[in-house]
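For reference, the structure is listed below as structure tokens.
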Amino acid sequence: MGLRSFFRRKKKTTPGPGLKEIFQGFQQVLVANNESLALMGQLEEKAAEGQGGDWYFFRRGIAALDQHLQDLVAALQRMSGGRWQELEKARLRIKEAIHQCLEEAPDHRTPENPRLQPSPVSENLRALVDLVAPLTLVDRRSQDFRPENCRTYRDIARFAHEKAIQAMFGLMDGVEAGRYPALRLLKLETPLPLNLHLMDLGGGLATHETPVPPASIISRPMRALWRGISHPDITWAGPVPVSVGGFFHVLAQTAIRPPERFWDKTYAIVAANYVNYSCRLGYHFTTVDSFCGPVADNNFINFVFKGGAADEIRRVRRAKLIAIVLERLGFELEVHQDVVRARFRKRPAAEIEERLDLLGRLMAYVRQMDMLMSDDSKIYLFSERFLAGHYERPDKEEQEK
């Protein structure tokens, strides 16, 4: 074999996890995380009672916690294709330190000797609890948010849970990049100007015949989001009434950079309790990622909005409008120029559904509204209109107020 042929050979690559496998791993992360946090809470509460001699209780609790954390890390590894191997090393390092504390414990209470009087909280117990309960890996945006920096079992759970959610949020990028085997695309039947295609991970749709009528959406979060997007008071027909300056800027931008993906497909990955909705309308991009199930601690909404066709000042004003509304709805926010990132977490399912409905309305309401943002007063005018339930497009007189 010549050198040229040798270098032309393609390396064999192991296929990564598919969409369904990633989602199954995500569900396993949620379950193991909840079980782990519950056990940590029990251990911390027992230690806080001031009697630290019940070492049988702590040994039994740590054994169960070890197993849940092992399952948690393994599930994250499966859904990420083995990306976070350092997390398992951190888990084993902390596990070894915890078991050292247990070996040095003075009390060996057993079921056969249940009446052994507990002793005061010992240094061993304090050291044990310090390796289990405290959260030191706090800021997910920090460069120090790394598996090797995990100091406690709670850090392990926190890191795995955060990375699992991030992996789900980025699913659509992976689909578009061709990293996952394609699932069947089912077009949603709707008169709205949305070329929406659905991918069902299981339990998200009542039918898999295309086009899918909206009534066949059984995914809890997608149903709530679509209820907002298709709200009868939201105007989708025709363009919004634009100011002259905003309109001419759009024409200029179109000449400079034609909208190659204008009216491109909108995708939604759905499951019984999950949706990942990714929409491009003109020059702006929106993503909604949400889990909505019976356990409040598992539930979340992640939202990103960015871009627009108008000039930067008008786009920034629209971002501020969105941010004002979301803040009033209880979202945690990060805003930079025309980019809005928002999170709503750990709320009951009914509350998650309500916010998804309102988020769907907001996404439709702000469509092309960057072209209306001629001055800062419009930020507050339009945000108050939306929060008051007035979704109709403002007429020219209202714009000039």
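General observations
- Candidates in the range 132-170 are the residues that are under 19 Å from residue 39 (Cβ atoms) and assigned to a loop (DSSP other than H, G, I, E, B); of these, the one that is nearest to the chain's Cα centre (by Cα) is 137.
- Residue within the range 253-267 that is assigned by TED's automatic domain parsing to the domain that holds residue 190, at pLDDT 65 or above and within 26 Å of residue 163 (Cα to Cα) present: yes
- Index of the failed condition, residue 39 passing every other in (1) buried (at least 18 other Cβ atoms within 10 Å of the Cβ); (2) in contact (Cβ under 8 Å) with a residue 40 or more places away in the chain: (2)
- Residue match in the range 210-221 (condition: hydrophobic (A, V, I, L, M, F, W, C) and either assigned by TED's automatic domain parsing to the domain that holds residue 43 or within 21 Å of residue 82 (Cα to Cα) (or both)): no
- Among the residues here, residue 357 does not qualify as among the acidic types (Asp, Glu) and modelled with pLDDT under 90.
- Pairs, first on the phi > 0 side of the Ramachandran plot in the range 261-279, second at pLDDT 85 or above, C-beta under 7 Å, six or more apart: 263/195
- Residue match in the range 54-68 (condition: crowded, with 17+ Cβ neighbours inside 10 Å and part of a loop (DSSP other than H, G, I, E, B)): yes
- Qualifying residue in the range 103-110 (condition: under 19 Å from residue 150 (Cα atoms) and either at pLDDT 95 or above or assigned to a helix (DSSP H, G or I) (or both)): no
- Among residues of the range 140-164, those that are surrounded by fewer than 21 Cβ atoms within 10 Å (Cβ to Cβ) and more than 14 Å from residue 91 (Cα to Cα), counted: 8
- Restricting the range 336-355 to residues that are crowded, with 19+ Cβ neighbours inside 10 Å and among the small types (Gly, Ala, Ser), the residue that is farthest from residue 286 (Cα to Cα): 349
- Residue in the range 343-355 that is in contact with an Asp or Glu (Cβ under 9 Å, 6 or more places away or on another chain) and more than 30 Å from residue 31 (Cα to Cα) present: no
- Residue 129 vs. criteria in contact with a Lys or Arg (Cβ under 6 Å, 6 or more places away or on another chain), at pLDDT 85 or above and part of a helix (DSSP H, G or I): no
- Scanning the range 171-206 for residues that are modelled with pLDDT under 95, over 17 Å from residue 24 (Cα atoms) and assigned to a loop (DSSP other than H, G, I, E, B) turns up 177, 178, 179, 184, 185, 190, 191, 192, 193, 194, 195.
The values are calculated or read from the model by the stated rules, or taken from the named source; none is laboratory data. Not measured: the values here are computed from a predicted model. Heads up, the Cβs are rebuilt from the backbone with ideal geometry, glycines too, and the neighbour counts pull from every protein chain shown.
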